[in-house]
Amino acid sequence: ATRRGGGDGSIRRRRVLVFPLPFQGHINPMLQLAGALHGRRGGGGGELSVTVLHTRFNAIDPSRYPELAFAEVPDGIPPDVAANGNIVDIIVALNVAMDGGESSPSFRDVLASVVAADDEGRKPRASCLIIDGNLMAAQKTAAELGLPTLVLRTGSAACLGCYLAYPALLQKGYLPPKESQLYEPVEELPPLRVRDLYYTSNANQELVRKVLGWIAETARNSNGVVINTFDELEPAELERIRRELDGDGVAIVLAVGPLHKLSPMNAGGSLHLCPDRSCIEWLDTQATGSVLYVSFGSLASLDSNEFLEVAWGLESSGQPFLWVVRPDLVKGLDKPSLPDGFERAVEGRGKVIKWAPQQEVLAHHAVGGFWTHNGWNSTLESVSEGVPMICKPQFADQMLNTRYLEAVWAVGFELVGKLERGEIKKAIKRLMVEKEGAEIRERAKELKKKMDQCLESSGSSQIAINRLVNYIISL
Ligand code: UDX
């Protein structure tokens, strides 16, 4: 049996399960949280160990994380949905399969066996499950097994606030957005405007609405919500969420970010690609602050024409650049080829790679700007290194992130409208060369200082992690 801690100085071991949504932007912060919790000791002499649950779809390779334990759970994602890879479809399929799906063994049986203590008494019964905010069905199953759940939100606090308010926003008629009202304010959620809300104009909207409803319900039904942000970045948004979730009986709402700075777990990791480290040597040869890093995360894509415009926009800017072109970056192609004459035109000044060690790239002295899709991880990683941004959001929370970057933190600006080489060149000059860019860069440096403080031993995120550890040990 598990030894109980107490006055005799013995260690009270506690095991935590974590279950990320199987996508890069969700796996990274969950593994970082796992890394921050594993081996941590709390008050009363308790010590945590972590078991990571993962699906076969986008499976995590356990051999890369020898410190952590892993367990595969049945995902029940139909092969055609898996092949298509659409994140909303996969969230729905996964939840349906876990919630009474027909896989054998069932998710419930597998979870029950992972939760249980082993016979030898080396592995205690798990005391809680930390799930990605999209995995409502896992929360239901955990409740049936008497296991408390905490939710990790891999997006911002503002994003969670927006998703909690989504039904009210629908009712008030903000959505579907009317062309004439795109720039009207969403009165309930300043500084958001109608165009910053998550909306897809295709048939997927009904599913999006359903998933956002699940996200809100999962947060409200949890014991606690852990958000990858920091108190000084989103004070008003965190305050609002705390008030709201407190009313729902959620015990704790903690801002523990940026998680990649608390734990190096999975830095630069990719599900399918190896980070190309030759770019670091290349960056070493470039002048300080001169290089624009260009990456659209792990999911966003371009059509062939947009791809050409980006290429020639980078070329015509005259600025050094490091561009991540994933094999699936261009819709409908397995492997995009760069336009004729491009490589010669940018020789010595431009480097194209398939996957970057992004955190290291952003921390490199040569990088002076980041053209990003504003996925939340990329946004936080850039903020953490004081790198200002050109923003081209595509879907989900990315528009909202861009809005905060531009209107609240003022550390970047949006490249509005269709991707066109002349506009791209102008935006790059604006950030990398002009006076306005220098001012944005100064603000980015100031914001980085605030973040550095939250990571100090008495900083807000360290305090939040300690509170989380003690809370888990108390369960
Ligand atoms: C997705 C959604 O797009 C985003 O809106 C949501 O907030 C999280 O899920 P993704 O597109 O993967 O995210 O972007 P992002 O959140 O920025 O995460 C990408 C991760 O991959 C980052 O941690 C980044 O460092 C890493 N990365 C990306 C690399 O390590 N190398 C690369 O070349 C590109």
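Below are the figures for this structure:
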quantity: Test: residue in the stretch 278-287 that is within 16 Å of the ligand (Cβ to nearest atom) and under 24 Å from Leu415 (Cβ atoms); calculated: yes
quantity: Complete set of residues in the stretch 217-272 that are acidic (Asp, Glu), away from the ligand (no atom under 16 Å from the Cβ), part of a loop (DSSP other than H, G, I, E, B) and within 20 Å of the chain's Cα centre (by Cα); calculated: Asp231, Glu232
quantity: Identity of the residue in the stretch 291-347, aromatic (Phe, Trp, Tyr) and touching a helix residue (DSSP H, G or I) at 6+ places or on another chain (Cβ under 8 Å), that ends up farthest from Ser278 (Cα to Cα); calculated: Trp312
quantity: Qualifying helices (runs of 4 or more DSSP H) (wholly inside the stretch 353-423; at least 1 residues being of a type in the set (Gly, Ala, Ser), modelled with pLDDT of 95 or more and more than 13 Å from the ligand (Cβ to nearest atom)); calculated: 398-407
quantity: For Arg122: the one exception among (1) closer than 29 Å to Leu37 by Cβ; (2) at pLDDT below 95; (3) within 24 Å of the chain's Cα centre (by Cα); calculated: (3)
quantity: Restricting the stretch 318-345 to residues that are under 12 Å from Leu292 (Cβ atoms) and more than 16 Å from the ligand (Cβ to nearest atom), the residue that is surrounded by the most Cβ atoms within 10 Å (Cβ to Cβ); calculated: Pro320
quantity: Single match in Leu17, Leu31 (criterion: more than 16 Å from the ligand (Cβ to nearest atom), in contact with a strand residue (DSSP E or B) (Cβ under 8 Å, 6 or more places away or on another chain) and within 26 Å of Asn470 (Cβ to Cβ)); calculated: Leu17
quantity: Helices (runs of 4 or more DSSP H) wholly inside the stretch 90-187 containing at least 3 residues that are in contact with a strand residue (DSSP E or B) (Cβ under 6 Å, 6 or more places away or on another chain); calculated: 136-144
quantity: Number of positions in the stretch 288-303 that are away from the ligand (no atom under 14 Å from the Cβ) and either under 19 Å from Ala345 (Cβ atoms) or part of a strand (DSSP E or B) (or both); calculated: 3
quantity: Residue match in the stretch 263-271 (condition: crowded, with 19+ Cβ neighbours inside 10 Å and in contact with a strand residue (DSSP E or B) (Cβ under 6 Å, 6 or more places away or on another chain)); calculated: no
quantity: Residue list for the stretch 375-431, restricted to those being over 21 Å from Ser304 (Cα atoms) and among the polar types (S, T, N, Q); calculated: Asn377, Ser378, Thr379, Ser382, Ser384, Gln398, Asn401, Thr402
quantity: Glu315 within 15 Å of the ligand (Cβ to nearest atom), surrounded by 20 or more Cβ atoms within 10 Å (Cβ to Cβ) and among the acidic types (Asp, Glu); calculated: no
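The values are calculated or read from the model by the stated rules, or taken from the named source; none is laboratory data. Predicted model, so just to flag it, every value in this text is computed and none were measured. Methodologically, a virtual Cβ is constructed for each residue, glycine included, from the backbone with ideal geometry; neighbour enumeration extends over all protein chains shown.
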